[in-house]
């Protein structure tokens, strides 16, 4: 059995990292898996011509003028997947038994291209794009109702790229594909969507190497990262740091206001991952340590082992890698009970799930973890649950069952 994993990248963003980890977990379980990408950190070479790599990476810029025709008051990433690609020809010529799609936007494949793939398709969703219009995440209900002229949200204007993109998906995707979602929330969205409600969907979490992401000596971690000892450290992290509104940093800042007057936590300090120190520093009422962008697992592991808790205040998220990584390192996570966070955190056992977007309850969660984890019970629970739920062996076996079922 040979599987092609198709992903735009093997390192840019959580979806690419997840695809890379799924690929390696399968290889470790003796499944013949190849990861094909447009943009590689690991020098993967699937490009046939000298300039093929450059051409594939530049494709994303061709459609930018079209993307500018939609106006929205809510910043949402859009992909129209319009340009035909040579990937389909390579896939169909290959000796692979199955192609497993991942995050394939930035014009890696067109919507029509996907319908031309002659191999059985498994599609691992890392956001909502597959059953939406051009949006990767959205709060409106068009994906449930169908994209009509009369249900466009009031915050949008200009060309209705979302309806146009959804209509093309409906036109070309006639045959249901096997969908895999890392979270129960996303699986529920698939089953409620107008486009994919009758498609087969299975829930398989993203894997984590629990031999790499593991508890370490906190004092050593703090020393290597030059972080202060004997003070509680709270970690927030996201690609782009504090600038992505979907990641909910503004909600965290409001929650921190409730902690300012709590004398027990007056020495709390904040660690921000995914952003370098800005020219104009944030004022959160607590000292801030900026860790910048970290691409290697060892330094990520050091960070998780240095802090007392991780806060993921996302408004919408699938199964954020940071939550899984932190739990594997024995770091409690505090988050809102929304999206796929409930698949990661067991309330008051491995962290705290606050009422959705209730900033006071988010503050209560921070206080709870700092109070309750003195004996490391939350940390120990988090580690045990991560091994049981997210280990590479378990996830690779779950994927193998799906592949085998398709090939019967």
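Just so it is clear, none of the values below were taken in a lab; they were calculated from the coordinates. These numbers come from a predicted model, not from an experiment. No Cβ is skipped: glycine too gets one built from the backbone with ideal geometry, and neighbour counts run over all protein chains shown.
Of note:
- Gyration tensor verdict on the stretch 257-309 (Cα atoms; rounded if a/c is under 1.5, prolate if a/b is larger than b/c, oblate otherwise): oblate
- Antiparallel %, DSSP beta bridges [both residues in the stretch 256-350], to 5: 10 percent
- For the stretch 14-169, relative contact order (Cα pairs under 8 Å, six or more residues apart, normalised by length) works out to 23 percent.
- Reducing the stretch 311-361 and the stretch 177-246 to their Cα centroids gives an inter-centroid distance of 9 Å.
- Inter-probe distance in nm under a simple model that places probes 7 Å from Cα toward Cβ, at residue 141 and residue 371: 3.9 nm
- Comparing Cα centroids, the stretch 377-408 and the stretch 57-79 end up 36 angstrom apart.
- When only Cα pairs below 8 angstrom with a gap of at least 6 residues are kept, the stretch 266-408 shows a relative contact order of 17 percent.
- DSSP-defined beta bridges in the chain - what % are antiparallel, rounded to 5: 10 percent
- Here the relative contact order of the chain, from alpha carbon pairs under 8 Å that lie six or more residues apart, stands at 14 percent.
- Among 380, 198, 162, the largest mean-square fluctuation in a Gaussian network model of the chain, built with springs joining Cα atoms closer than 10 Å, belongs to 198.
- Antiparallel DSSP beta bridges within the stretch 136-277, percent to nearest 5: 0 percent
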